[in-house]
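Heads up: the structure comes next, in structure tokens.
The values are calculated or read from the model by the stated rules, or taken from the named source; none is laboratory data. Computed from a predicted model, the values in this text were never measured in an experiment. Positions of Cβ are generated from backbone atoms using ideal geometry, with glycine treated the same way; all protein chains shown enter the neighbour counts. The area values use the complete protein model at the heavy-atom level, side chains included, leaving out ligands, DNA and RNA. Shrake-Rupley method; radii C 1.70, N 1.55, O 1.52, S 1.80 Å.
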Amino acid sequence: MKKETYKIEGMHCASCVATIERVLRKTEGVESASVNFASESALIEFDEKIVSESELAKAVEGAGYNLNINSLRKEEVMKMPEMDMNSPEHDHMKMEREEQIKEMKWKLVIGGALSLLIFLGSFPQWFSFIPKILNNNWVLLLLTTPVQFWVGWQFYSGLKLLFKYRTADMNTLIVIGTLAAYFYSVAVTIFSDFFSKGGITPQLYFDTSAIIIVLILLGKYFEVLMKGRASEAIKKLIGLQPKTAKILRGGKEVEIPIAEVVVGDLIIVRPGERIPVDGKIVEGDSEIDESMITGESMPVHKKVDSLVIGSTINKFGTLTFRATKIGKDTMLSQIIKMVEEAQGSKAPIQRLADLVSSYFVPAVFVVAVLTFVVWIFFGSASPSLGGPSPAFTFALVNFVAVLIIACPCALGLATPMAIMVSSGSAATLGILIKDAASLEIANKINAVILDKTGTLTEGKPQLTDILAFGDEHKVDILNFAASLEQRSEHPLAQAILQYAASLDQKSSHPLDQTIIDEAAREKIVLYKLEDFKAISGKGLKGFLQIQSEKVEAHLGNRALVADLGLNISPFEENIAKLENEGKTVMILVVGKKLKGALAVADVLKKESVEAVNALKEKNIDVWMLTGDNSRTASAIAKEAGIENIMSEVLPDKKSEKVRELQEQGKIVAMIGDGINDAPALTQANVGIAMGEGTDIAMESANITLMRGDLMLIPEVIKISRRTMRIIKQNLFWAFFYNIAFIPVAAGVLYPFFKLLLNPIFAAIAMAFSSISVVLNSLRLKRN
């Protein structure tokens, strides 16, 4: 069996998904097919021995859509390292989307202008200043025809669905309704005398046809503008991979393209360079920045036999490692694959309007045909009952009236108009909503997973505690530590140096007042540092020029202190307390004496506790997800008020944790900010990315919080609930106006009151339903 993701072109609404899936699943050799409307892709599992890709494309084409089998596979792309990541080949899908928007905009401009002329020319009694030529029926026909068949061409796939697959979507409603108005008007234009019989003045509905098409296309235009750019996340992930690698061959260092690296090659990586592929270190040690893969801010110490991940950054020492995984087997490639599959397998939400439309359209057809038959019989066979004459004219007018009253203009606007207004309103709050599906489901969320680093926490270490042993002063401990760290670029060093530099500024840090008091509000002046040396995996040492004396000083972990032969047991309780809180403790030794300790940690954001409580008040289960050990994870979770913890989760297992909750029946929202969160963000029912996070996370998510403020998460749920309430109201009014007038249009009032619904009133009712939908949607502007 082969499992592959393909680009699908030509989808217009959620019901298109069901149609394509049904066609694919009926194709012999296809095991499963999952179509994603948001990402315009299909994840298909099929037997290549039974059915080929071209046959799959042919089956989809038969349903009125296009399955693209010629798009670059990720494996092919990754074997072309010299290709510019911004080249036309890689920008193909972006260019397609821009071309689609450009075409729709052009059609809207022309269709809008023509519709305005048609509308003005259709009502000479209202617009007497209009040139008389616009009142001519043939001129109106000439103006309407390009709108009907060029501007509205994309809707004609609905006819193919109707005749070939006996089903219907929004396009079917649009095209049948507008064609009924158009051809009726054409008939009136050509055979005006025939329609004038029986005392009925023939009416033209060219304006109805044209305006409906332009309004529906406007709604589609807004949908395209809002549609996600998930495919670009894949391109950026691939762009992380280095193009070349320096390998050892025949004892010499040779630089080769990444595609030529084979398993077993010895690869050299110098400080500041990206690691080309996954492997195991055979010589050297260093600190590796794995944040772009794991999301964790702290560099990880690597030594001989440690595993390294492709695309991570070597910070300090020179490494030699043996390649163990290349190409599609690397961790980065697996993340790419998971993002693709999560995008392709996510079940799209079936639009209520499209679901009802599949029954509504056939029902309208049946009612329209019955109306025609009954009126023919009533007018011709029962003149004694007062049936109108000529029967055919009345039957045809009522037939058209039924189709026009059932026209789906309001149905087409109900969802996109509400989504458009809601997303605009949300954007003013710093919430960027990528697609309508995320808004539809966000109000049902009952489980939220918060990634720890960068989401719950600040994402970078900060100095949290200073311990002064014996009679020492905290300000002296800070001065010694900052002096030792002044040449280091390690994040722990930066935390100490930044704190020391900020002491003369206003700050709300709990340590500030104590240290400022001890320093008599004097700015810390660093000691001169000589013979600085980093001790790999343990800390650092150097000589400090204190007055006229050169004193050796050390700052590091327990292992460093043990190497110096010093006993920390008198201070063990205080040090262990900080470690149990999930903090990294560095012990200071000056002149072979224990002076104190400093604790550094990634601290909670100020709004984290408030946001967690707000979610709990909505009866939502809150989980924390982290790669940290259980002790550190428990300390952070306790501080944040979170009881549910997922600790020691590897980067490629995060999406599995989301899936586990989903299998328990939970509607899950995942909130993260790192590349490693991308698969989990796409697997979740709603993925929410923090705005200060990576581009990959933001593009893989459904919603982005531009301020990175966790309090926006409850706001997302609130917006979703309001939007869904408005959408349901819109759909109710849209269907009410359509369904309530169908019996009237069919002529049920004629036997009692001699009243018939002229199709022009049907069009007015339709327009009024559209206006009510727009006005109701505008209520969402009120925050």
| field | Matching residues in the range 264-281 - criterion: being assigned to a loop (DSSP other than H, G, I, E, B), more than 16 Å from residue 305 (Cα to Cα) and in contact with a Ser or Thr (Cβ under 8 Å, 6 or more places away or on another chain) | value | 270, 271, 276
| said: If I go through the range 532-554 residue by residue, how many of them are in contact with a Lys or Arg (Cβ under 8 Å, 6 or more places away or on another chain) and either at positive phi or at pLDDT 85 or above (or both)? | reply: 12
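One line per residue, one yes/no per condition, for (1) surrounded by fewer than 16 Cβ atoms within 10 Å (Cβ to Cβ); (2) closer than 20 Å to residue 535 by Cα:
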residue: 245; (1), (2): no, no
residue: 254; (1), (2): yes, no
residue: 257; (1), (2): yes, no
residue: 262; (1), (2): yes, no
residue: 278; (1), (2): no, no
residue: 283; (1), (2): yes, yes
| request: Assess whether residue 603 counts as being within 28 Å of residue 714 (Cα to Cα), out of contact with any strand residue (DSSP E or B) (no Cβ under 8 Å at 6 or more places or on another chain), open to solvent by 20 Å² or more (accessible area, probe 1.4 Å) and among the aliphatic types (A, V, I, L, M). | output: no
| request: Among what's in the range 532-573 and is touching a Phe, Trp or Tyr at 6+ places or on another chain (Cβ under 6 Å) and farther than 20 Å from residue 496 by Cα, pick the residue that is most open to solvent (accessible area, probe 1.4 Å). | output: 550
| note | Taking first residues from the range 653-677 that are open to solvent by 10 Å² or more (accessible area, probe 1.4 Å) and second residues anywhere that are basic (Lys, Arg), the pairs with Cβ under 6 Å that are 6 or more apart or on different chains are 667/444
| said: If I ask for residues that are surrounded by fewer than 24 Cβ atoms within 10 Å (Cβ to Cβ) and either assigned to a loop (DSSP other than H, G, I, E, B) or modelled with pLDDT under 85 (or both), which ones from the range 442-456 would you list? | reply: 443, 444, 445, 446
| said: Please go through the range 756-780 and give me each residue that is surrounded by fewer than 16 Cβ atoms within 10 Å (Cβ to Cβ) and at pLDDT 75 or above, ordered by number. | reply: 775, 778, 779
| Selected residue (criterion: surrounded by the most Cβ atoms within 10 Å (Cβ to Cβ)) from residues of the range 574-600 that are part of a strand (DSSP E or B) and over 45 Å from the mean Cα position of the chain (by Cα) | 588
| remark: Over the range 188-230, the set of residues assigned to a loop (DSSP other than H, G, I, E, B) and either modelled with pLDDT of 80 or more or surrounded by fewer than 19 Cβ atoms within 10 Å (Cβ to Cβ) (or both) is 191, 196, 200, 201, 203, 227, 229
| note | Result of the Cβ filter at 9 Å on the range 7-29, keeping first residues that are assigned to a helix (DSSP H, G or I) and partners that are modelled with pLDDT under 75 and of a type in the set (Lys, Arg), at least 6 apart or interchain, is 14/351; 15/351
| note | Note: among 722, 631, 707, just one is open to solvent by 10 Å² or more (accessible area, probe 1.4 Å) and modelled with pLDDT of 85 or more, namely 722
| field | Pairs where the first residue, in the range 191-213, is over 26 Å from residue 175 (Cα atoms) and among the β-branched types (Val, Ile, Thr) and the second is open to solvent by less than 50 Å² (accessible area, probe 1.4 Å) and at pLDDT below 80, C-beta under 7 Å, 6+ apart | value | 200/393; 200/397
| request: Considering only the range 238-274, state which residues are under 39 Å from the mean Cα position of the chain (by Cα), basic (Lys, Arg) and under 19 Å from residue 284 (Cβ atoms). | output: 246, 270, 274
